[in-house]
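**Student:** Take a look at this one; I'll ask things after.
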Amino acid sequence: QTLWKNYLSSAESREAAGEAIYAAIFDASPSIQSLFKTPRAIMAMRLMNGLSQIIGSLDDPKAMKIIVETLGFQHLDLEVTVPRVIIFRDAIIDLLAVEMGSALTAKARDGFATVLNYVGGSYIYVRVKFSERLKLLNSSWSTATNRGMGEAARAKAAEAGGEGETGASGDVARSAGSAGFAANQKIQDNSSQSKSSKQGWFNSKKTSLTAAENAGNEGVTNFRNTAVPTTFNEMFRFNAAVMGFGTQAWMDEVLSSFDTIIMNVANSYRLQEECDVLSLRLAKNRGTINLGEYKAVMLASLRSLCKDWGSEHELCWSWLWENVERMIKSLMGKPAVHQKVLSVLFDSMDENALGIIRREVYTKFFDLAPAGQDYFKQSTTRLHFIVDRLPGMTMDIYKDPKRMVQDISALGLRHVGYGIPTDLFGPFVTACVQVIRMLTDNEAAEEAFRWSLSLISRILMRVINEGSTIVMKAINSNSGKQLRKAVDCAPRGKRALWMLNIQVGTQSISPLMWSIETGSLEAAKAIIVDLLTIRSDRDRYYYGMDILFERHPDVIKRICLDAPALMQPLLDGLIWRSRTTDNGQRRTNYYVRHLLLDENNEFSKATEWITENQDPKLVCHPAVSLVTDMVWGRVAFRTFLFGRAWFLFTLLVFILSQSVLNRHLWDSSHSKKIHIVNFALRCFIYSCSMGHWAMLHVKNSIRDIRNKAFVKFGRCFIPEYLTQWQGWSSLLLTLFLVVMLILEPILYCLGDPNGDIFNDECPEAEMFLFPYSVASTAAMLMYFMLLIDLSV
C-alpha cells in the first residue's frame, strides 16, 4: 500500500499514472488490445480505480473479496486466461520497477505479484464457476417472462415457412412478411402501453388490496374471474402493491431496465452501460432508494412464476442482484455532483475557450487516429457544430437521461448509414478529454465530463454494432449485387423486414429510405425489386408490397422527390404477368390497392404525387393508367359531370340576366315581365352561385387554418388552396359578385314611383350603371376562366 501511494504521488496525476499502466500493458502484448473496447482515457482511469480499490482493501479481506468478485462479475464475457494474467502482472510490476527504482523491494515485488495472481485467478474462477449460474438465470428468466413459449412459436413458424424458393404463379396471398411486421408493431404497441400503465400500477396499492378483499368475500366464483399475473412485470407490480411498496416510483425505473440487465449479464460492457443509465434515472427520483426492497419483491415474484424454484435459483438470483446492486450503488449520488460541476465548468467558458475546443479536438483526434480524416470531410462550420454539441449532450445526459438515450440511439443509427467505424470513437473521446484537461484544473469536472462522454460513446458504439447489418453495409457500398447476396441469408418471413426496418431499442431506421437519402440508388433499386418479387414456398406466397406501403405510406412521394428514376421499377413491381399464354393472351394481375387507398382507407394521394412529378412516361405507365381510368370511369366521372353541369347552369343564368334579357331587344309590351324574370335570375345568381362560392371558400380557409397550411405571399400569409388557379380565380369571382350585389341598379330603383317594377334604369341608379357593368364584365371573364377546368 505504501509503494502504491508513492507511485501515485510521483505521477503528475492519477490520469497520468493510469495511462502509464495502460501503455505498459499494451506494449507488453499488443494482441490483447482487442479486449479493450473503451476509449484509452476512460480505460486508464478504470484500471487506476480498480487497482486502487483492491490495494486499498488489503487490510480487510472480506471487503477485498467482494471487490474482486464484483470486478470478476464485470469481466464474465472476457476470456481471462493464465497467460494473460501473467502478462498483466509482469507489465505492472515492470512499470513499478522502472518508476520506483530501489523503492520496489523484493518483498514489495512479491506482494504485488501475489495480489495480482489472486485477482487474475479470481477472474478465472468466477468465469468458470458461475457459467452454470448464468444458464440457470437464463432458463428461469425465460420461464418468468413466457419467452420459451414465444421461441417455440417462432420455431414452429420457421419450420412451416421453410427456406426453399419456387416459381410464382396464380393469385398472391397476403405475405407472411406483412403479418410479421404487423405482429412486430403490435408487440411494440403493447409494450408501450405497458410502460405507460406502470405508474398506475404502482399508485394503485389501495385499489388492488380492496379488489382482492372483495374477491375473497364474494367467494370462489369471483376469484375465478380475477386476472392472475402471468408475466414477471405483472407479478412484480402485484407483489409490490401487496408488500407495501406500491408507491415506490423508483422501482418502476429498475423494472423497465431489469430485462436488459438479465439478458446481458454475460456482456460486461452492455451491463455496465445499462447500470450507468439506470443510476442516472434513479438520480431523478426524490426520496430514499432501498435496493434491498426490490430484491425482496423480485424473489417473491420469481418464486410464484417458476414452478421448479429451488435453493439453487435462490442463490443464483441473490448473487446476481447483489452484484448489480453494488454496481448501481457505486454510482448513486454521483450524477447530481457531476451535473453541478459540469454546469459550473461550461458556464465559465467564454468564446475563446470554445474556440480552443473546436480547434484542438480535431488536432488531437487526427493525431491519435489519422484514418478519421477520411470521415470528417464536411465544412468547418459543420465540424464546429459537432464539437459545440458536446457540452450540451454531456449535460443533457444528466438532466434528462431517458430522452437523451433515445436521441443518442437515433444518432447512432444515422452513423450506421454513414458507415463510421466504431474504432474511431475511442480516440475521439480521448481527444475531447485531453482538451478539457487543458482548460480546467478541476479534477471533479474532468471526471464528470469523462464519465458522461464515455457513456455517450458506449451507447453510440453499441447502436452502431447492433445496427450494422449486412444490408446496411451493402447500402454503404451502393452495390445491388452485395445487397441481393445479403438478403439471401434472411428467413423468408423476415426478408422484407431486413430491408425496411432496423430496430435498436426504441429507435429504428429504414435501409430503403436511407439508401434513397444518401443517393445509393443501385442498392435502393435492388431493395425495391426484391420486395416486389413474388416468392412461393409450397402453399405460401411472399410479396412485400403490403409491408412496403405499411412501413412507408409516403414512399411514392419520397421517391418522386428524391429518386424519380426508381418510380419505374416500383410501378413495374406492382404488375405480375403470367409466363404462359392462353389463346394468345397472357394473364396480368395489377396490385394497385395502395395507389387507390392510404393506410386510413381514404383516397390515396399517389396519383397527385405522380402528377406533380410531371413525367409523361410515368403517367403513361400501365399501373398508373389503370388507376386513373378506374377512378375516372367508376368514381369521378359522374361527380365531375354533375358538378360541372351546375356550373354551366349558373353560367347560363348569368349570361341571360346580364346580356340576353336586355329590354331593348324586346317589345315594350313585355318589358314588365322581362324585368321580373331578370330580377329572379339575378336573385338566383346572388343567392345560389355567390352563396355556393362563399361557402366553399370559408370551408377551405377553415381547413387550411386548422392544418396550418399557409403560403407566404409578399409580406402576408394566405391559405394554401389559393395557390391553385381554380382557388384564386373562384375567389375573384366571388368578390366581383359581391361588388355587383352592392352596386345592383334594381335595388336602387325599387323606390322609384314613376318606373316599372324591378326596373334597372332610374335617376337613383344612374351613377352605379358604369361600375356595375365593369364588375359584371370581370365576373363574366372569371366564369369563362373557370370554364377551362371542363377540359379533361
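Every residue, every condition in (1) more than 36 Å from the chain's Cα centre (by Cα); (2) at pLDDT below 85; (3) within 26 Å of residue 130 (Cβ to Cβ); (4) open to solvent by 60 Å² or more (accessible area, probe 1.4 Å), yes or no:
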{"position": "234", "(1), (2), (3), (4)": "no, no, no, yes"}
{"position": "247", "(1), (2), (3), (4)": "no, yes, no, yes"}
{"position": "250", "(1), (2), (3), (4)": "no, no, no, no"}
{"position": "257", "(1), (2), (3), (4)": "no, no, yes, no"}
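**Student:** Let me ask something else. Go over the candidates 48, 64 one by one and state the one that is in a helix (DSSP H, G or I), within 29 Å of residue 264 (Cβ to Cβ), hydrophobic (A, V, I, L, M, F, W, C) and at pLDDT 75 or above. Break it down stepwise before answering.
**Tutor:** Values: 48 fails: at pLDDT 75 or above.
Of the residues listed, the single one that is in a helix (DSSP H, G or I), within 29 Å of residue 264 (Cβ to Cβ), hydrophobic (A, V, I, L, M, F, W, C) and at pLDDT 75 or above is 64.
**Student:** Yes or no: residue 378 part of a loop (DSSP other than H, G, I, E, B), free of Cβ contacts under 8 Å to residues at least 12 places away in the same chain and over 24 Å from the mean Cα position of the chain (by Cα)?
**Tutor:** Numbers: part of a loop (DSSP other than H, G, I, E, B): yes; free of Cβ contacts under 8 Å to residues at least 12 places away in the same chain: yes; over 24 Å from the mean Cα position of the chain (by Cα): yes.
Judged against the criteria, residue 378 is a match.
**Student:** Please enumerate the residues belonging to the range 394-421 that are closer than 21 Å to residue 468 by Cα, touching a helix residue (DSSP H, G or I) at 6+ places or on another chain (Cβ under 8 Å) and of a type in the set (S, T, N, Q).
**Tutor:** Within the range 394-421, just 409 meets the criteria.
**Student:** Then there's this: If I ask for residues that are open to solvent by 40 Å² or more (accessible area, probe 1.4 Å), under 20 Å from residue 551 (Cα atoms) and not basic (Lys, Arg), which ones from the range 469-497 would you list? Let's see the steps before the verdict.
**Tutor:** Looking only at the range 469-497, we keep the residues that are open to solvent by 40 Å² or more (accessible area, probe 1.4 Å), and these are 469-470, 473, 476-478, 481-482, 484-485, 488-489, 491, 494.
Now drop any that are not under 20 Å from residue 551 (Cα atoms), which leaves 469, 491, 494.
469, 491 - these are the residues of the range 469-497 that are open to solvent by 40 Å² or more (accessible area, probe 1.4 Å), under 20 Å from residue 551 (Cα atoms) and not basic (Lys, Arg).
**Student:** Sticking with this one: Just to be sure I understand, how many residues within the range 381-424 are in a loop (DSSP other than H, G, I, E, B) and over 20 Å from residue 518 (Cβ atoms)?
**Tutor:** Let us first name the residues in the range 381-424 that are in a loop (DSSP other than H, G, I, E, B), namely 400, 419-421.
If we keep only those that are over 20 Å from residue 518 (Cβ atoms) as well, we get 400.
Counting residues in the range 381-424 that are in a loop (DSSP other than H, G, I, E, B) and over 20 Å from residue 518 (Cβ atoms) gives 1.
Residue by residue, here is whether (1) in contact with a Ser or Thr (Cβ under 9 Å, 6 or more places away or on another chain); (2) open to solvent by 30 Å² or more (accessible area, probe 1.4 Å); (3) more than 30 Å from residue 337 (Cα to Cα); (4) among the acidic types (Asp, Glu) holds:
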position: 270; (1), (2), (3), (4): yes, yes, no, no
position: 288; (1), (2), (3), (4): no, yes, no, no
position: 295; (1), (2), (3), (4): yes, yes, no, no
position: 310; (1), (2), (3), (4): no, no, yes, no
position: 314; (1), (2), (3), (4): no, yes, yes, yes
position: 317; (1), (2), (3), (4): yes, no, yes, no
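**Student:** Which pairs turn up if I take residues in the range 349-363 that are farther than 14 Å from residue 380 by Cα and small (Gly, Ala, Ser) and look for partners that are assigned to a helix (DSSP H, G or I) and open to solvent by less than 50 Å² (accessible area, probe 1.4 Å) with beta carbon separation below 8 Å, at least 6 apart in sequence or on another chain?
**Tutor:** Final answer for the pair search is none.
**Student:** Here's another thing I want to ask about it. Pick out the one residue from 722, 747, 741 that is outside any loop (DSSP other than H, G, I, E, B), open to solvent by 80 Å² or more (accessible area, probe 1.4 Å) and among the aliphatic types (A, V, I, L, M). Steps first, answer last, please.
**Tutor:** Numbers: 722 fails: open to solvent by 80 Å² or more (accessible area, probe 1.4 Å); 741 fails: open to solvent by 80 Å² or more (accessible area, probe 1.4 Å).
Result: 747 is the single residue among 722, 747, 741 that is outside any loop (DSSP other than H, G, I, E, B), open to solvent by 80 Å² or more (accessible area, probe 1.4 Å) and among the aliphatic types (A, V, I, L, M).
**Student:** Please go through the range 618-631 and pick out each residue that is among the aliphatic types (A, V, I, L, M) and either farther than 20 Å from residue 573 by Cβ or open to solvent by 90 Å² or more (accessible area, probe 1.4 Å) (or both).
**Tutor:** Residues of the range 618-631 among the aliphatic types (A, V, I, L, M): 618-619, 623-624, 626-627, 630-631.
Residue satisfying the conditions is 631 alone.
**Student:** For the range 632-642, indicate whether the set of residues that are touching a residue at least 12 places away in the same chain (Cβ under 8 Å) and either open to solvent by less than 50 Å² (accessible area, probe 1.4 Å) or in contact with a strand residue (DSSP E or B) (Cβ under 9 Å, 6 or more places away or on another chain) (or both) is non-empty.
**Tutor:** no
**Student:** Pick from the range 763-781 the residues that are outside any helix (DSSP H, G or I) and touching a helix residue (DSSP H, G or I) at 6+ places or on another chain (Cβ under 7 Å): which of them is surrounded by the most Cβ atoms within 10 Å (Cβ to Cβ)? Let's see the steps before the verdict.
**Tutor:** Step one: of the range 763-781, the residues outside any helix (DSSP H, G or I) are 763-765.
Of the ones still in play, those that are also touching a helix residue (DSSP H, G or I) at 6+ places or on another chain (Cβ under 7 Å) are 764-765.
Numbers: 764: 14, 765: 21.
Filtering first and then ranking leaves 765.
**Student:** Here's a follow-up. Going by the structure shown, is residue 260 more than 27 Å from residue 463 (Cα to Cα) and among the hydroxyl-bearing types (Ser, Thr, Tyr)? If you could, list the steps in order and put the result at the bottom.
**Tutor:** Working: more than 27 Å from residue 463 (Cα to Cα): no; among the hydroxyl-bearing types (Ser, Thr, Tyr): yes.
Criteria not met by residue 260.
**Student:** Further, regarding this structure: All but one of (1) buried (at least 17 other Cβ atoms within 10 Å of the Cβ); (2) over 30 Å from the mean Cα position of the chain (by Cα) hold for residue 413; state the number of the condition that does not hold.
**Tutor:** (2)
The values are calculated or read from the model by the stated rules, or taken from the named source; none is laboratory data. Just so it is clear, the structure is predicted and the values come from calculations on it, not from any experiment. Using ideal geometry, Cβ is built from the backbone for each residue, glycine included, and neighbour counts are taken over all protein chains shown. Remember, those area values only see protein heavy atoms, side chains included, never the ligands or the DNA or RNA. Shrake-Rupley method; radii C 1.70, N 1.55, O 1.52, S 1.80 Å.
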